[in-house]
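Remarks on the structure that follows.
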Amino acid sequence: MAVGRGAVEAMVSADFWRGKKVFLTGHTGFKGGWLSLWLYQLGARLTGYSLAPPTDPSFFALARIGELVRTVHGDIRDAAALSGAMKQAEPEIVLHLAAQSLVHPSYDDPVGTYATNVMGTVHLLEAVRACPSVRAVVVVTSDKCYHNQEWMWGYRENEPMGGYDPYSNSKGCTELVAAAYRSSFFNPQRFAEHRTSLATARAGNVIGGGDWAADRLVPDLIRAIAAGTELRVRSPHAVRPWQHVLEPLAGYLTLAQRLAAGDGPAYAEGWNFGPRDDDARPVSWLLERLVELWGEGARWRLDDKLRPHEAHYLKLDISKARTRLQWEPRWWLQTALQHTVAWYQAAAAGADMRRVSLDQISAYTTGGAR
């Protein structure tokens, strides 16, 4: 199924989002920043709840997101502050992106990882229970929530949860927490009583301009280029489901629209948002194309130091989202890489990064599939 011109505009409806009250956790992060800017472009009335940006520089700062949305600085581990902020915002839609989102830091601080990802989600859902305005909740987890058996085929939404490392396992636990709250407090069969639909969203490895997190491939390469050094890569043959950050964000927005509609309970379950099968590529493939696109100064080589365990093969089956949500990956990986490199090069040249980012959102929503 090809996504034609205007298809994303049809999936993500400006008419739906215009004027909608939205509560977004983690809006100062990489994905949260892009989602904040997109919601602003759509005309939503957004309240963001988050800690300060996790990196410097950050997408949030360069795109000047703080000038566009109401920001509440807070920690999702603080249940009272989170609930108070949500009650004040009176949202119709809640999008939960706040998380400890990296594998290696989870080995250094497993307690903090579980506290943020698991109990933070419990606090979020308790806040929703206390906020009668909420009609739709999307809890974002990760493709790493699955019990990974290194299969050559993609994981479906009904596969067992798991996770080898604390980060991955915490995401599996988050899925179980959301499922328990859905069964106990937001049961679709008792929708008339609570009027809230709760779903989870699982995405693969996202790339795009404005990511400066540590231990992520693209930001690590950008830092190496800026420092005039070569990037050392530990797992060049590992296969990941790469996709541009706007791809899963379109999925989250589409899913939230469905949840908020009259038949929202039919969509209150888990959903995969990943790339086409052809775009599940080895790390080495991605690096070679990034180096080619960037030009002079981009280099990498194998790092043979012993590192913590990481999965070597992971894919998602996105058949359900394609069929039932009519969501479809729009940009092939090569196109996603072109936009990613263009963003970082524009930032290095001192461009207006809000304008550059808005232009990329427009290119994604209105251009033909490529």
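The values are calculated or read from the model by the stated rules, or taken from the named source; none is laboratory data. Please read these numbers as outputs of a predicted model, since none were measured by experiment. So basically every Cβ, Gly included, is an ideal-geometry build from the backbone, and we count neighbours across all protein chains shown.
In this structure, is T121 among the polar types (S, T, N, Q), touching an Asp or Glu at 6+ places or on another chain (Cβ under 6 Å) and within 26 Å of A261 (Cβ to Cβ)?
Values: among the polar types (S, T, N, Q): yes; touching an Asp or Glu at 6+ places or on another chain (Cβ under 6 Å): no; within 26 Å of A261 (Cβ to Cβ): yes.
It is false that T121 is among the polar types (S, T, N, Q), touching an Asp or Glu at 6+ places or on another chain (Cβ under 6 Å) and within 26 Å of A261 (Cβ to Cβ).
Which of (1) at pLDDT 95 or above; (2) over 30 Å from D352 (Cα atoms) does G208 not meet, given it meets every other one?
Going through the list (1) at pLDDT 95 or above; (2) over 30 Å from D352 (Cα atoms), G208 breaks only (2).
May I ask you to list the residues in the stretch 52-76 that are assigned to a loop (DSSP other than H, G, I, E, B) and surrounded by 16 or more Cβ atoms within 10 Å (Cβ to Cβ)?
Result: P53, P54, T55, S58, A63, L68, V69, G74, D75, I76.
Would you please list the contacts, defined by Cβ atoms under 8 Å and residues six or more apart or on different chains, that run from a residue in the stretch 253-276 that is closer than 20 Å to Q189 by Cβ to a residue that is aliphatic (A, V, I, L, M) and in a loop (DSSP other than H, G, I, E, B)?
Here the result reads L259/A268, each pair linking the stretch 253-276 to a residue that is aliphatic (A, V, I, L, M) and in a loop (DSSP other than H, G, I, E, B).
Which members of the stretch 209-227 meet the condition of being small (G, A, S) and within 20 Å of A346 (Cβ to Cβ)?
Taking the stretch 209-227 as the starting set, the residues that turn out to be small (G, A, S) are 209-210, 213-214, 224, 226-227.
Hits for the stretch 209-227 are G209, G210, A213, A224, A226, A227.
For the stretch 108-156: of the residues being under 17 Å from the mean Cα position of the chain (by Cα) and part of a loop (DSSP other than H, G, I, E, B), which is modelled with the highest pLDDT?
Residue satisfying both the conditions and the ranking: T141.
Is the stretch 142-155 home to any residue that is basic (K, R) and out of contact with any His (no Cβ under 9 Å at 6 or more places or on another chain)?
yes
For S183, indicate whether it is modelled with pLDDT of 95 or more, small (G, A, S) and surrounded by fewer than 24 Cβ atoms within 10 Å (Cβ to Cβ). Please lay out each step first, then the result.
Details: modelled with pLDDT of 95 or more: yes; small (G, A, S): yes; surrounded by fewer than 24 Cβ atoms within 10 Å (Cβ to Cβ): yes.
The answer is yes for S183.
Report every pair of residues separated by at least 6 positions or lying on different chains whose Cβ atoms are under 7 Å apart, first residue within the stretch 37-60 and touching a residue at least 12 places away in the same chain (Cβ under 8 Å), second in a loop (DSSP other than H, G, I, E, B) and among the acidic types (D, E).
These pairs meet every condition: L51/D75.
Given the conditions (1) of a type in the set (G, A, S); (2) without any contact (Cβ under 8 Å) to a residue 60 or more places away in the chain; (3) in contact with a Leu (Cβ under 9 Å, 6 or more places away or on another chain), and given that A214 satisfies all but one, which numbered condition is not satisfied?
(2)
So, R195, is that one over 23 Å from the mean Cα position of the chain (by Cα), surrounded by fewer than 17 Cβ atoms within 10 Å (Cβ to Cβ) and either aromatic (F, W, Y) or on the phi > 0 side of the Ramachandran plot (or both) or not?
Yes: the conditions hold for R195.
Is there any pair linking a residue in the stretch 139-150 that is closer than 21 Å to E126 by Cα and of a type in the set (V, I, T) to one that is at pLDDT 90 or above and part of a loop (DSSP other than H, G, I, E, B), with Cβ under 7 Å and at least six apart or on different chains, and which?
Cβ pairs passing all conditions: V140/L97.
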